[in-house]
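**Q** Got a structure here, written out as structure tokens. Questions coming.
Every read-out reported here was derived from the displayed coordinates using simple, explicitly stated rules and does not represent laboratory data. It should be emphasised that the depicted structure is a prediction, and the values quoted were computed from it without experimental measurement. Cβ atoms come from the backbone with ideal geometry, glycine included; neighbour counts cover every protein chain shown.
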Amino acid sequence: MEKVSYKNLAREQATAVRAELEKKYAEYVAQGLKLDMSRGKPAPDQLDICDDLLSVISAGSDVADTTPDVRNYGGLDGIPEMKEIFAEMLGVSTKEIIVGGNASLTMMFDMISRSVTHGVLGNTTWCKLSEVKFLCPVPGYDRHFGICECFGIKMIPIAMTEAGPDMDEVKKYVENDASVKGIWCVPKYSNPSGITYSDDVVRAFAALNPAAPDFRIFWDNAYCVHDLYEEGDKLLNILEECRKNGKEDMVYIFASTSKISFPGAGVAVMAMSEANIAAAKKVMTYQMIGPDKINQLRHVKYYKNLDGIMAHMRKHAALIAPKFEIVLETLERELAGLDIADWTAPRGGYFISLDVMNGTAKRVHKLMADAGVVMTGCGATFPYGNDPQDRNLRIAPTYPSVEELKIASELLCLCTKLAALEKIMG
Ligand SMILES: Cc1ncc(COP(=O)(O)O)c(C=O)c1O
């Protein structure tokens, strides 16, 4: 009976199904669960596989023979060997790389901060403008939206399609409104949908003719090597595409080893045209004398090159692919055909995006919380925390164990059904 679309259930059928769901829900509540599906971070076993990174360097020649000497000040844009690894990872030249500190988010924040205070390549500083707007593909990453809020940048949501942001909408805003200065993109295994932008979408980005000369694409390639399967999604090289159109200054690429090695103790990177690099360094030079080069050296010695990183990512995949699979199998088994939910089936990254019936996400979230399962806050995937259709939930499968995920995702399906029936039956 349950495989009939919920919208087609006769009243008495709906009443019976609802009673059954309520009974099962009460059983879950009675278990006093304490689970968390909100944290997009590696599980402890993922950190364990990287522990050897902590002992790859030692006192003596390892550190003393480096140029520049990693123990000393200097090397504002990173050590050459780390630049080489990142250049290979992002498909750019080492001249187009600035290696940062421990977080790409800091580099994104600083990039916006510099635009506000110093402007972009000679254009009016954003702080002198009456309005600055950013386009925000939704659902998206809450911390991107947080940076905009912090600087008072107005956010405009842009719908995501299966191939990336709706480029007709992007083009309309970017090409007609000079106050639109940027767009946030997570182009590979997007947070939270897991979508990878198609070649056409990347080319459409590179072909934009912005009304603002200082419009920039913030290309946060946080999940560029985070494939769950041997055959990963392929993402076209945005800097190369922009260069073909003479627009290499239009994009800033960001990434880090946060979910390769250790979040909070990894190495971040920014890649962009040499003109953009020079402009960033001009201000950065006042900000610090040099980054933590010892940590960079640790990463260089441990990974050696992109092959080393990819081999390590296969170990991560072996640990987390079964977690994605248990969630996806449960969603498919419990919700397919009921006409009350849609979800993505990512082949990489850290998240699954679940759209429940319009107007029920908050209710599902509350039902989960009342039964002891924490999910990412409702609305977090939208600017200003406002999901206008109250339907999106972000699932973060990496941190809990497979056993915990099995229970949590079964409960999630149950709550999705219950909230939908409550809505339909009024
Ligand atoms: C899309 C995206 N960008 C950036 C980050 C944070 O990266 P970092 O640790 O390098 O600041 C995350 C973390 O979840 C993320 O999902």
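**Q** I'd like the residue in region 373-391 that is assigned to a helix (DSSP H, G or I) and within 17 Å of the chain's Cα centre (by Cα) and, out of all such residues, is nearest to ALA361 (Cα to Cα).
**A** GLY385
**Q** Still on this structure, please answer the following. Here is a check on your reading of the model: is TYR189 crowded, with 24+ Cβ neighbours inside 10 Å and farther than 22 Å from ARG114 by Cβ?
**A** Spelling it out, TYR189 is indeed crowded, with 24+ Cβ neighbours inside 10 Å and farther than 22 Å from ARG114 by Cβ.
**Q** Suppose we keep only residues that are within 16 Å of the ligand (Cβ to nearest atom) and not aliphatic (A, V, I, L, M) within region 325-362. Which one would you say is nearest to ALA419 (Cα to Cα)?
**A** Restricting attention to region 325-362, the residues satisfying the condition of being within 16 Å of the ligand (Cβ to nearest atom) are 344, 346, 348-353.
After this cut, where a residue has to be not aliphatic (A, V, I, L, M) as well, the list is 344, 346, 348-351, 353.
Details: THR344: 20, PRO346: 25, GLY348: 29, GLY349: 28, TYR350: 26, PHE351: 22, SER353: 18 Å.
So the residue we want is SER353.
**Q** Taking ALA345 as the residue in question, decide whether it is of a type in the set (A, V, I, L, M), loosely packed, with under 14 Cβ neighbours inside 10 Å and touching a residue at least 40 places away in the same chain (Cβ under 8 Å).
**A** Judged against the criteria, ALA345 is a match.
One line per residue, one yes/no per condition, for (1) of a type in the set (S, T, N, Q); (2) within 16 Å of the ligand (Cβ to nearest atom); (3) under 27 Å from CYS413 (Cα atoms):
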site: ALA19; (1), (2), (3): no, no, yes
site: TYR28; (1), (2), (3): no, no, yes
site: GLY40; (1), (2), (3): no, yes, yes
site: ALA59; (1), (2), (3): no, no, no
site: ASP62; (1), (2), (3): no, no, no
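**Q** Right, something else. What about THR257, is it touching a Lys or Arg at 6+ places or on another chain (Cβ under 7 Å) and either without any contact (Cβ under 8 Å) to a residue 60 or more places away in the chain or within 16 Å of the ligand (Cβ to nearest atom) (or both)?
**A** Against the criterion (touching a Lys or Arg at 6+ places or on another chain (Cβ under 7 Å) and either without any contact (Cβ under 8 Å) to a residue 60 or more places away in the chain or within 16 Å of the ligand (Cβ to nearest atom) (or both)), THR257 does not qualify.
**Q** Where residues in region 92-137 are β-branched (Val, Ile, Thr) and not in a helix (DSSP H, G or I), which of them is surrounded by the most Cβ atoms within 10 Å (Cβ to Cβ)?
**A** Among them, the one singled out is VAL99.
**Q** Of a type in the set (D, E, K, R), in contact with a Leu (Cβ under 8 Å, 6 or more places away or on another chain) and in contact (Cβ under 8 Å) with a residue 40 or more places away in the chain, is that true of GLU22?
**A** On the way: of a type in the set (D, E, K, R): yes; in contact with a Leu (Cβ under 8 Å, 6 or more places away or on another chain): yes; in contact (Cβ under 8 Å) with a residue 40 or more places away in the chain: yes.
Considered against the rule, which asks whether it is of a type in the set (D, E, K, R), in contact with a Leu (Cβ under 8 Å, 6 or more places away or on another chain) and in contact (Cβ under 8 Å) with a residue 40 or more places away in the chain, GLU22 comes out as yes.
**Q** I'm trying to understand the selection: among the residues of region 218-243, which are away from the ligand (no atom under 16 Å from the Cβ), assigned to a helix (DSSP H, G or I) and in contact with a helix residue (DSSP H, G or I) (Cβ under 7 Å, 6 or more places away or on another chain)?
**A** Correct list: LEU239, GLU241, CYS242.
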